[in-house]
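Asks: Let me give you the structure first, and then I'll get to my questions.
The values are calculated or read from the model by the stated rules, or taken from the named source; none is laboratory data. As the structure is a prediction and not an experimental result, all values here were calculated from the model. With ideal geometry, Cβ positions are generated from the backbone for all residues, glycine too; neighbour counts draw on all protein chains shown.
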Amino acid sequence: MTQSRLPPELAVFAFEKARDAIMCIEADGRFHCVNQAACRTLGFSKDVMLNMRLTDVDAELAGVTWTEWRDDVGREGGKRYESFYKTGKGGLVPLWVSVSALAFEGRDYLCLFARDITGPRRVEGALRQIREELELAHRELEDRVEARTAELRAANERLKQEIAERERAREALRLSEQKYRLLSENTHDGVAVVQDGRVVHANSRLLERSGFSLEELMARPIAEFLYPDDRQAALDPMTHLLRDEPSDQPALLRVFDGKGRLVWVRSSAVRIEWEGRDALLFCLDDITELKQALEEKDLFLKEIHHRVKNNMQVISSLVKLQGDTVKDRGLEEVFRECQCRIKAMALIHEIIYRSGSLSELDMGPYVTSLAHSLFEAYDAWERGIRLEISAESLSLSQDLAVPCGLILNELLSNACKHAFPDGRAGLVEVTVRAVAGDEIELAVADDGVGLPAGEEGRERGPLGLYLVRGLAEHQLRGRLEVERRGGTRFTVAFHREGKKKGA
């Protein structure tokens, strides 16, 4: 491999473009230098941070003497911990921190690397909630969940160790241009320099992971290593960078390795001068295992929804079988209403399982399927009752979709049972739409006999308006309105985020 002296921009690039926060602290606790990620994570400008001390932002140091803490780090050779850092907006952000002692040009410093772990904490909370809610229905999945969680925890610990090693290498690169080649050989990122559409330099990490030799990389245009569908998305930013035009960074790309396999990489690039001519310096991070883990998580959640739907259908069938043995018509109707409510909730899991989103539900198909199912259950079409549905394609979270489904089930059931007595025909209208701001309006109207005078606040049916009002006000945090002109119209209005106006 040809030995080449790299330009000074590389050291600045590695420091400033690092994804994690990097901070160099003087012996008195003041910040000596910070990178863009540190300013972005904490919400301070660089000028402000350079006039601050570590003790101003790190909650770990509350009640601790700075000099003792600094000396402990020096004696131990470094320290890793999680802490909450104060932000420029007055809040707190959780960070994973690695700090090491550093001697440079006769002075002692502390070199600190920090990563925002807000996202992983939210993911862990969401997964924990899912496990708690579905534990009774899916006891057979507990062993798989525990095993998978242990694997992810171990992978997370390995990732933390790799990040610490990578960031130490990048910080050293910032301090000395002459150390670049040694550092590039020890970083966990693949590094390549591209000039005239071909690779002219690659570190050993890239060669090892790609399965190519440097000669093989240099012999072919870079486009030949890219997956055909990703070529344009990769080559266009290269052109923009060489022209000093804005370019999206980083990019997710698929490339071929030496065995012809597709590998996912996260690519970041910057224009540099290589041997007196313009070139592009690429940092390539292999994220194939991460992509596979995310796909496995989605498949796992889909399987959970599928099993919940199947279990609820079994429960519905058991309720129906029990209802068939009852001779009392009143009790028989109670069993049928219970079965309809179970089906309304099971339908949510079925639609989520078949859709592309695991966190939200499209209310259009759901409302249509639920209404048709109820009309079939009550033989409404055979009795001359018509159904009109106007449901916009609105995406709601499961927390909102479940009470909406139960409200629709109750209102449609009541309309089919009570609005058209003695063989009377009529019309039932169902409307779901977005109104002002983020408010959603759900309405069920009929042109039947209507509520008797003075009964707007009383029940209509076994659970009736009591159940509807409770779901609307307590689950959706919305409001219920009842109109008695030319039949009956129930309207439930709520906010997409489940909060009342002014709350």
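Asks: Filter the stretch 12-35 down to residues that are out of contact with any Phe, Trp or Tyr (no Cβ under 7 Å at 6 or more places or on another chain) and either within 23 Å of residue 279 (Cβ to Cβ) or among the acidic types (Asp, Glu) (or both), then give me how many there are.
Replies: The number of residues fulfilling the criteria is 9.
Asks: Is it true that residue 410 is in the same structural domain as residue 467 (by TED's automatic domain parsing), of a type outside the set (A, V, I, L, M, F, W, C), closer than 19 Å to residue 479 by Cβ and assigned to a strand (DSSP E or B)?
Replies: Working: in the same structural domain as residue 467 (by TED's automatic domain parsing): yes; of a type outside the set (A, V, I, L, M, F, W, C): yes; closer than 19 Å to residue 479 by Cβ: yes; assigned to a strand (DSSP E or B): no.
No, not satisfied.
Asks: Can you confirm whether residue 235 is touching a Leu at 6+ places or on another chain (Cβ under 9 Å), of a type outside the set (Asp, Glu), assigned by TED's automatic domain parsing to the domain that holds residue 257 and modelled with pLDDT under 80? Don't jump to the end; show me each part of the working.
Replies: Values: touching a Leu at 6+ places or on another chain (Cβ under 9 Å): yes; of a type outside the set (Asp, Glu): yes; assigned by TED's automatic domain parsing to the domain that holds residue 257: yes; modelled with pLDDT under 80: yes.
Judged against the criteria, residue 235 is a match.
Asks: Within the stretch 72-87, identify whether any single residue is touching a Leu at 6+ places or on another chain (Cβ under 8 Å), surrounded by fewer than 20 Cβ atoms within 10 Å (Cβ to Cβ) and either among the aromatic types (Phe, Trp, Tyr) or part of a loop (DSSP other than H, G, I, E, B) (or both), and answer yes or no.
Replies: yes
Asks: Residue by residue through the stretch 1-37, note down the ones that are part of a helix (DSSP H, G or I), at pLDDT below 90 and either farther than 24 Å from residue 108 by Cα or among the hydrophobic types (A, V, I, L, M, F, W, C) (or both).
Replies: At the first step, the residues of the stretch 1-37 found to be part of a helix (DSSP H, G or I) are 9-16, 36-37.
Right, trim to at pLDDT below 90 and you get 9-16.
Those that are part of a helix (DSSP H, G or I), at pLDDT below 90 and either farther than 24 Å from residue 108 by Cα or among the hydrophobic types (A, V, I, L, M, F, W, C) (or both): 9, 10, 11, 12, 13, 14, 15.
Asks: Let me ask another. Say whether the condition of being farther than 21 Å from residue 365 by Cα, at pLDDT 85 or above and either small (Gly, Ala, Ser) or assigned by TED's automatic domain parsing to the domain that holds residue 493 (or both) is met by at least one residue in the stretch 425-444.
Replies: For the stretch 425-444, residues farther than 21 Å from residue 365 by Cα, at pLDDT 85 or above and either small (Gly, Ala, Ser) or assigned by TED's automatic domain parsing to the domain that holds residue 493 (or both): present.
Asks: Something else: Might you let me know whether the stretch 151-167 holds any residue that is more than 25 Å from the chain's Cα centre (by Cα), among the basic types (Lys, Arg) and modelled with pLDDT under 80?
Replies: First pass over the stretch 151-167, keeping only residues more than 25 Å from the chain's Cα centre (by Cα): 165-167.
Still in the running and among the basic types (Lys, Arg): 166.
Imposing the further condition that a residue be modelled with pLDDT under 80 reduces the set to 166.
Yes; the residues of the stretch 151-167 include at least one that is more than 25 Å from the chain's Cα centre (by Cα), among the basic types (Lys, Arg) and modelled with pLDDT under 80.
Asks: List every residue pair whose Cβ atoms sit under 7 Å apart, with the two residues 6 or more apart in sequence or on different chains, where the first one lies in the stretch 200-211 and is in the same structural domain as residue 282 (by TED's automatic domain parsing) and the second, anywhere, is of a type in the set (Phe, Trp, Tyr).
Replies: From the stretch 200-211, the pairs are 200/274.
Asks: Which of the residues that make up the stretch 260-285 are more than 31 Å from the chain's Cα centre (by Cα) and hydrophobic (A, V, I, L, M, F, W, C)?
Replies: First, the residues of the stretch 260-285 that are more than 31 Å from the chain's Cα centre (by Cα): 260, 271-280.
272, 274, 279, 280 - these are the residues of the stretch 260-285 that are more than 31 Å from the chain's Cα centre (by Cα) and hydrophobic (A, V, I, L, M, F, W, C).
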